[in-house]
Amino acid sequence: MPSMSDLRTYLTVLQIGAYLLLLTKIFRAKLLRNYRYFGWYLAFEVVRLSAVSFVKLKSTLYAHVYFATQPVMWTLFVLMMLELFQIALRRHHGIASLGRKALTVSLAASAIGSGLTLLIDLQQANAESAVLYNFMLLERLVMTSLLVLVLCLTAFLSYFPVPLTRNVRIHACVLTAYFAVKASTLWIRTIYGLQPTPMLNIVVQVLNITCLLAWTVLLVPAEDDVGTRRGPTTGDEDRLLAQLDALNDTLLGSARK
């Protein structure tokens with residue numbers, strides 16, 4: 001039976017393969033034009049995971065790579081969310097602008113809240129452990145904010161019969177699960193400490209691979225990505241879309257003032 005370390009290594013290799021498979025699918029399906037930042041994130045993860053696989057775990061070099069690459073990953077996550085807002089609400093710029101503002105405010109609040117906790121932690125523990133904990137706390141707040149926003153967007157798109165393509169729906173749903181995995185992991189680590197980390201890493205890797213494979217299997221080529229509209233009746237759809245257009249016009253009018 002493989003040890004926990006060997007299992008983690010095997011899953012890391014599978015995870016890199018899953019990232020490469022999905023990246024290849026996006027290129028071949030000609031989806032990179034609409035999902036540019038998503039493609040950048042996949043390429044970044046391939047490079048990052050390949051690099052850290054040669055670095056000894058719990059070493060100083062591993063810590064430096066972790067602290068250097070995590071903010072880049074957060075930035076790509078934010079850009080992916082802005083990209084999703086732009087694609088899903090391309091006909092409603094006012095609402096998309098509101099979503100971008102909500103994303104900016106929530107991330108700024110996360111950074112401020114994390115900074116305040118750092119001041120408390122520095123008084124209760126040594127500086128090194130306080131900085132590490134606060135870094136994880138900041139990551140948790142960022143991922144939780146992104147998860148809440150993508151859940152709100154998904155609920156919004158489910159209620160209003162906005163014409164969406166299959167890929168937009170698939171991307172929003174899988175991205176929700178992907179963020180949920182990462183946010184849940186960080187909540188467990190910040191609450192229970194490092195004790196469950198080895199088993200938690202295995203579970204997270206398996207779930208990440210599952211999400212990557214879901215994207216790979218469910219996304220369709222650009223030429224087959226047709227729009228769909230959902231709703232109980234045509235009258236209901238027209239009424240909801242009229243409300244949506246009115247809200248969009250109101251937000252656009254407010255922005256011009």
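Selection of the stretch 1-52 for residues being in contact (Cβ under 8 Å) with a residue 24 or more places away in the chain and either in contact with a strand residue (DSSP E or B) (Cβ under 6 Å, 6 or more places away or on another chain) or acidic (Asp, Glu) (or both) yields only Glu45.
Residue-wise test of (1) hydroxyl-bearing (Ser, Thr, Tyr); (2) surrounded by fewer than 15 Cβ atoms within 10 Å (Cβ to Cβ); (3) out of contact with any His (no Cβ under 8 Å at 6 or more places or on another chain).
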residue	(1), (2), (3)
Ile26	no, no, yes
Leu42	no, no, yes
Arg48	no, no, yes
Ser53	yes, yes, yes
Leu57	no, yes, yes
Leu61	no, yes, yes
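Restricting attention to the stretch 188-217 and to residues that are within 12 Å of Met136 (Cα to Cα), hydrophobic (A, V, I, L, M, F, W, C) and loosely packed, with under 14 Cβ neighbours inside 10 Å, the residue that is modelled with the lowest pLDDT turns out to be Leu194.
Screening the stretch 1-93 for helices (runs of 4 or more DSSP H) wholly inside it with 1 or more residues that are among the acidic types (Asp, Glu), over 21 Å from Leu207 (Cβ atoms) and in contact with a helix residue (DSSP H, G or I) (Cβ under 7 Å, 6 or more places away or on another chain) returns the ranges 60-88. Restricted to the stretch 72-87, and to residues there that are without any contact (Cβ under 8 Å) to a residue 40 or more places away in the chain and closer than 24 Å to Arg8 by Cβ, the residue that is surrounded by the fewest Cβ atoms within 10 Å (Cβ to Cβ) is Val72.
The values are calculated or read from the model by the stated rules, or taken from the named source; none is laboratory data. For clarity, every value in this text was computed on a predicted model and none was experimentally measured. Glycine also receives a Cβ, built like all others from the backbone with ideal geometry; neighbour counts cover every protein chain displayed.
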